[in-house]
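**Q** Here it is, the structure, as structure tokens.
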Amino acid sequence: MFASAKLEAGFIVNSLKKLIEQDLAKACISVRRHTDMERYLAALGESGIAFYQIDQNTLDNTAQPGVRLATMH
């Protein structure tokens, strides 16, 4: 769908910026691989968008702001 992973990450960041006024904690990016997770963590960090990473050892904490980021596994 995207010509590169960088373009895909840029699209996601731009889409999230449009939602900043809303509660980003209600949004979740679900990725297939851990390498995808690393790429999105970097893109979100560089853009200043708050995020909360959820993994097999971390439950969602609704008190934490930011878009949720998790793997499908």
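The values are calculated or read from the model by the stated rules, or taken from the named source; none is laboratory data. Keep in mind it's a predicted model, so treat the numbers as computed, not measured. Reconstructed Cβ throughout: ideal geometry from the backbone, glycine too, with neighbour counts over all protein chains shown.
**Q** Please work out which residue is nearest to Val13 (Cα to Cα), limiting yourself to segment 62-73 and to residues that are out of contact with any helix residue (DSSP H, G or I) (no Cβ under 7 Å at 6 or more places or on another chain) and of a type in the set (A, V, I, L, M, F, W, C).
**A** Of everything passing the filter in segment 62-73, Ala70 is nearest to Val13 (Cα to Cα).
**Q** For segment 1-46, what are the residues that are in contact (Cβ under 8 Å) with a residue 40 or more places away in the chain, surrounded by 15 or more Cβ atoms within 10 Å (Cβ to Cβ) and within 12 Å of Ala70 (Cα to Cα)?
**A** Across segment 1-46, the qualifying residues are Ala27, Ile29, Val31.
**Q** Now for a separate question. Tell me, yes or no, whether segment 43-52 has at least one residue that is assigned to a strand (DSSP E or B), of a type outside the set (Ser, Thr, Tyr) and either modelled with pLDDT under 90 or out of contact with any His (no Cβ under 6 Å at 6 or more places or on another chain) (or both).
**A** Yes, the conditions are met somewhere in segment 43-52.
**Q** Identify, please: which residue in segment 47-61 is under 12 Å from the mean Cα position of the chain (by Cα) and touching a residue at least 12 places away in the same chain (Cβ under 8 Å) and is, among those, farthest from Val13 (Cα to Cα)?
**A** Out of the qualifying residues, it is Ile54.
**Q** Can you give me the number of residues within segment 2-36 that are of a type outside the set (Ser, Thr, Tyr), at pLDDT 90 or above and not in a helix (DSSP H, G or I)?
**A** Within segment 2-36, residues that are of a type outside the set (Ser, Thr, Tyr), at pLDDT 90 or above and not in a helix (DSSP H, G or I) number 8.
**Q** Right, next: Filter segment 50-60 down to the residues that are in contact with a Gly (Cβ under 7 Å, 6 or more places away or on another chain) and hydrophobic (A, V, I, L, M, F, W, C), then identify the one that is surrounded by the most Cβ atoms within 10 Å (Cβ to Cβ).
**A** Looking at residues that are in contact with a Gly (Cβ under 7 Å, 6 or more places away or on another chain) and hydrophobic (A, V, I, L, M, F, W, C), I get Phe51.
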